[in-house]
1. May I ask you to derive the relative contact order of the chain, considering only C-alpha pairs under 8 Å and at least 6 residues apart, and to give it as an integer percent?
2. Over the chain, what is the percentage of antiparallel beta bridges among all DSSP beta bridges, to the nearest 5?
3. Could you work out how much longer the chain between Leu406 and Arg347 gets when fully extended? Use 0.36 nm per residue separation minus the Cα distance between them, nm to one decimal.
4. When a/c reaches 1.5 or more, the comparison of a/b and b/c decides; with that in mind, is the range 610-680 rounded, prolate or oblate per its Cα gyration tensor?
5. With a 1.4 Å probe and every protein chain left in place, tell me how much accessible area Leu173 has, in Å² to the nearest 10.
6. Given N residues in the chain, what is Rg(Cα) / (2.2 N^0.38 Å)?
7. Plugging the Kirkwood radius over Cα pairs into Stokes-Einstein for the range 411-534, at a temperature of 25 °C and a viscosity of 0.890 mPa s, what D comes out in µm²/s?
8. Taking just the alpha-carbon atoms of the range 119-243, what radius of gyration and Dmax come out, in angstrom?
Amino acid sequence: MLPSWPAVLLTRVPVVLAAAVAAVTAVAVPLVLVDLWRPLVAVPVALVAAVLAGRLAAGVPVVPAPAWSGAATAALAVAAGLWAALTRSEHVVLRRDAGSLALYAHHLAQHHGLPVDPSLAALGGADALADPSLTLASPAYYEVGEVVVPQFLLGAPALFSLGGWAAGWDGLLLVPALLGAAAVLGVAGLAARLVGPAWAPLAAAALLLAQPFLLATRSTYSEPPALLVLTGAASLAVAAVRADGPAAARLGGGAGLLLGAVGFVRVDYLREVALLLPVVAVLLVLRHPAARALLAGTALTTLLAAAAAGLTSRPYLGTISGSLLPLLAALVGLAVLSAAGARAARRGWLARVRPLTSPRLGPVLAGVLALVLVGLATRPLWLVVRQDPADPGSRLVAGLQLAQGLPVDGGRTYAEHSVDWLSWYLGWPVLVLAGAAAVALLPRLVAAVQGRAPLPGWTVPYVLAVGSLLLTLYRPGITPDHPWADRRFVPVVLPAVVLLAVAALAWAVREVPRRSRVLPVTVPAPAVAGVGAVLLLVPAALATAPVAGQRTEAGQVAAVAEACAALRDTYGEDAVALAVDARSRNEWPQVLRGTCGVPSAALVVPTAVGRPGEPAHEEALTAAVERAAGRVRAAGGVPVLVAAGGERAPREALAALGAQDAQPLTYLRTTEPERLLTRRPEGAQRITVELWAAPAPDAAPA
């Protein structure tokens, strides 16, 4: 008999969508590397890969579900997508990661491959790069030899570029909302599989109301596709652990393939891969048929993703080596320990260690976990976390502290407040419920590992979620301005907390009425469910309400189009842009190069020479302008100086270099999310997006 549509919608469709998205990110790599990421080639190839991956994933067993649960969950997923789409950001002029990913996706949609061609001939050829004051680089775009390489991994921009082919900038910016809707369905499906289908709508609602999730789906971030693929991997892993024989191996292999495929989207997926290794060791010791396939699938796509990162994002990997190398060391270390532990268990050595076989081990470890959770929550009372004051992020933090009236200590990371950050968006009751569930489930898992009980189906997602949650809370590893920093919670921490809290509530609904019979008044299950739903949803709704209708960076697409048209109309097709002040160097080179098709570079003066406004700085920058403009003219181009503000007004910056007839190319007053260090963001702050231009002055006579 065919499964019902609610069962398919909740527990099969999200896995199929996750597999399809993972397949598209994988096939994008070779096509981009050979400049074939073009609609006529990429769309058929991506469709075939998505269909094949979907068919492989379609064999996942379903969980019977009532029609009301399927309908409610579908409505919530659609609502999440519409909400994010209607309030989508237009972050195109590069200020944060969303802008760099949007520009990356636009480049793929328009130019079909990597690296970015900077039109070096228009700047004077290779000799231009010998000038220490000229650079092709800008934030998130690295100068590598004679080309420019984008910062992030290829997967998310490739997905966004599909929307660019369909509907230009509007389509590109809508893709995260679609992926967010699918991710809501994925978390709900995982809840149906782990807790029960009746709880799927509550999990979906709790996730979509969380402000960090909304922020990530409004903008071009990599978190929505990562979350979708992770939930697909988790659902397959649950089904694999519960299955037998060839079915378990097939499902385990699929789970591993999806887990490793997250690496096409995000680098930090290695944390989940490392945490999987001890679970695989346990499955091998228990001779579970899913063990080898799970390991093989994960290894295959992990290696492919690592190769893709090395081929397309090597400079980025170098900049994060301080975090990446310890992660790789942990991966290797856990691999060695897991292999050694599995071998020792197979030979019976571990069984001779009495503490490891004691029934008390589970409660002891649960107590340790409880202490760790309490320690993380209370860190602000006894710890201040700092980083190197010379780190670039420290300078940003110091500036924000000064602006917000806080003691200036740029080395602070505020990481000790990570649990507080979560409480801002979900509320302390949800965190307590989730923590209680994590602690209560651990003894059951330990008993199964000891062989005293069957291995629970939730083993893999529990270990990966709780382990990743603890590590993320311990070291968020992100500049601590909110709400930007809180998207770090989206791929694993938010869904983990939501699912654990829902599991705790489901237990309470079953047990509280039964245990309250000894009391004068029996507590009915609907009352427990109602109170729990209020605890899960109301704090999140109240936290998100102030920004529910907020639409940031609105108007930037039109502003960029206006700047492109004005630049071409005023200076002709041979215009070459030279950015001469702080904001133009940071925000505009890739916009002009990738969106306007105008060759561009930045002119910089080392701070050791002097600061803007000082005679030495002005003299050095003027000389750099003369050299760069001379090379552009010699190449047959029209050198145009562009400024966007920073240390002083753009017009003043151009005038200081002797440029005459400065004209605004575009001017926009818009908003961006607040940048707060110690409070939950509840609004937006005004920003100006502008670009001025003037023809480069002729060189002074010798």
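The values are calculated or read from the model by the stated rules, or taken from the named source; none is laboratory data. Given the structure is predicted, the values throughout are model-derived calculations rather than measurements. Don't worry about glycine lacking a Cβ; one is built from the backbone with ideal geometry, like all the others, and counts go over all protein chains shown. We work out accessible area using only protein heavy atoms, side chains counted, and drop any ligands, DNA or RNA first. Shrake-Rupley method; radii C 1.70, N 1.55, O 1.52, S 1.80 Å.
1. Relative contact order of the chain: 16 percent.
2. 75 percent
3. Once the chain is fully extended between Leu406 and Arg347, it gains 15.3 nm.
4. prolate
5. Ignoring ligands and nucleic acids, Leu173 comes out at about 10 Å².
6. 1.02
7. Reported coefficient: 151 µm²/s.
8. According to the Cα coordinates of the range 119-243, Rg and Dmax are 20.8, 67 Å.
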